[in-house]
Amino acid sequence: VRRYFLENARHWFTRYRIDGLRLDAVHAIYDASARPFLLELAEAARRWSEELGRPLYLIAESDLNDPRLIRDPGLGGFGIRAQWSDDFHHALHAFLTGERDGYYRDFGELADILKALREGFVYDWRYSEHRKRRHGDSCRDLPPDRLVVCVQNHDQVGNRMRGDRLATLVSLEAYKLAAAVLLLGPNLPLLFMGQEHGEEAPFLYFVSHGDPDLVEAVRRGRREEFLSFAWAEEVPDPQDPATFLRSRLSERANRADRQRMLLEFHRELIRLRGRVVRSDRHPKAVQFQDRPVVILEYPRTEQRFTCLFNFGEEVERLDAAALFPSSAGGNAEKIFDSSEGRWLGPEVSGKRIGEESSLVELSGYAAMVYAWNRKEE
């Protein structure tokens with residue numbers, strides 16, 4: 001059986017020239033052997049990578065928050081390149097939407113978002129009210145790019161009763177803020193199809209099975225899955241063709257100005273990510289005083305970048321000297337502002353350091369990035 005699955009992975013890498021494989025729900029693999037299959041697969045992938053002369057990646061989906069998956073084998077790990085982290089999604093989603101049902105009951109505080117940005121896992125042997133036990137382990141000693149994070153994916157959208165996307169749950173400004181935190185954060189960002197243009201059509205759970213007993217089992221399973229959530233509506237029938245048809249993306253020609261703007265907004269953030277983000281080291285992430293503002297700063301030798309995220313609805317006026325304590329007067333330059341008019345924002349702009357006012361105005365649910373030269377001691 002092991003040989004079959006190893007050869008299957010090799011087939012995708014060699015015959016189809018796939019660059020990486022996502023391993024689904026590895027926490028559900030029963031393997032009590034002294035030489036786990038995942039370790040053997042990761043070793044084989046490294047060997048094939050050398051033979052083929054190109055990098056091959058394994059990315060694990062796991063619900064365990066177990067860093068052993070991504071630790072090097074010499075340190076007792078399996079050596080898988082990266083793993084998904086649901087904690088980032090849950091922390092951001094619960095805070096922005098206010099949802100507290102199901103597994104969201106473990107999240108909802110700004111401190112959870114801070115910890116996800118600063119350390120990776122929020123639950124690192126911390127007690128989980130949802131699970132009624134301690135959960136996870138710390139991965140803060142590992143590079144941030146070992147974790148894949150998202151604000152939407154096929155599970156988090158498709159497994160909702162109504163398949164509702166984030167664009168239909170929060171305001172436009174909050175939606176842009178979520179995109180900025182995702183793409184300017186230190187982990188590997190994952191974008192769900194249509195997220196980049198703010199798709200509003202639902203992504204429902206749909207199937208097309210020929211076995212009536214299997215169809216009924218799926219229907220029953222879907223109903224039971226939502227018992228821990230306060231969703232009273234009837235679950236859409238997964239076997240009904242209309243469920244599939246409702247889940248299709250909007251036609252490009254029919255997209256509104258808002259959707260076209262969001263597409264360019266995501267492109268701009270991706271360009272900015274290449275300039276700002278260091279994914280090999282954890283950033284400095286702090287809450288600004290007692291405000292609902294998160295400051296993210298990446299360590300650089302000369303030029304520094306400070307990302308400001310306002311998780312509150314109101315405008316925040318921040319003291320520039322406190323934001324840039326080591327900068328020379330007048331050399332902090334704003335290079336991104338999600339509240340600008342071109343992003344359909346309220347146009348509350350941050351003032352440059354050195355102007356008459358020393359305050360930086362940060363609109364509600366806004367993201368800003370400043371570039372500045374830090375004076376070394």
With all protein chains in place and a 1.4 Å probe, Phe244 shows an accessible area in Å² (nearest 10) of 100
Per residue, the convex hull enclosing the alpha carbons of the chain has a volume in Å³ of 181
At 1.4 Å probe size, with every protein chain present, just tell me what the per residue accessible area of the stretch 1-88 comes to in Å². 59
Would you calculate the separation in nanometres between label points at Leu245 and Glu268, each defined as 7 Å from the Cα along the Cα-to-beta-carbon direction? 3.8
Can you tell me how much longer the chain between Asp101 and Gln303 gets when fully stretched, taken as 0.36 nm per residue apart minus their C-alpha distance, in nm with one decimal? 68.4 nm
Taking protein heavy atoms only, a 1.4 Å probe, and rounding to whole percent, the accessible area of the chain owed to carbon and sulfur comes out at 49
Length released on extending from Asp290 to His27, taking residue separation times 0.36 nm less the Cα-Cα span: 90.8 nm
For the stretch 81-197, just say rounded, prolate or oblate: build the C-alpha gyration tensor, square-root its eigenvalues into a ≥ b ≥ c, call rounded for a/c under 1.5, and beyond that prolate if a/b exceeds b/c, oblate if not. oblate
Of all GluC sites (Glu not before Pro) in the stretch 56-151, which ones are in loop regions per DSSP and have a Cβ with at most 10 other Cβ atoms within 10 Å? Glu129
Compute the distribution of all C-alpha to C-alpha distances in the stretch 152-205, in bins of 5 Å from 0, and list the percent of pairs in each, rounded to whole numbers. 4, 21, 30, 25, 15, 4, 0
Mind checking which of Arg252, Arg260, Arg134 has the largest fluctuation in a GNM of the chain, springs on alpha carbons under 10 Å? Arg252
A student applying the Cα gyration tensor rule (rounded when a/c is under 1.5; otherwise prolate if a/b is larger than b/c, oblate if not) would label the stretch 250-335 prolate
Summing +1 for each Lys or Arg and -1 for each Asp or Glu, what net charge is found among the other residues whose Cβ lies under 14 Å from the Cβ of Arg134? -1
With a 10 Å cut-off between alpha carbons and a GNM built on the chain, which of Phe265, Phe13, Phe95 moves the most? Phe13
Inter-label distance for Asn254 and Asp164, nm, one decimal - labels placed 7 Å from Cα along Cα-to-Cβ: 2.1
Per residue, how large is the accessible surface of the stretch 167-326? Use a 1.4 angstrom probe and give square angstrom. 50
Exposure ranking of Tyr57, Tyr104 by accessible area [1.4 Å probe, largest first]: Tyr57, Tyr104
Against the rule of thumb 2.2 N^0.38 Å, how large the Cα Rg of the stretch 183-325 comes out: 1.51
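The values are calculated or read from the model by the stated rules, or taken from the named source; none is laboratory data. Keep in mind that this is a model prediction, so the values were computed, not measured. Positions of Cβ are backbone-derived with ideal geometry, glycine not excepted, and every protein chain shown enters the neighbour counts. Ligands, DNA and RNA are excluded from the accessible area calculation, which covers all protein heavy atoms including side chains. Shrake-Rupley method; radii C 1.70, N 1.55, O 1.52, S 1.80 Å.
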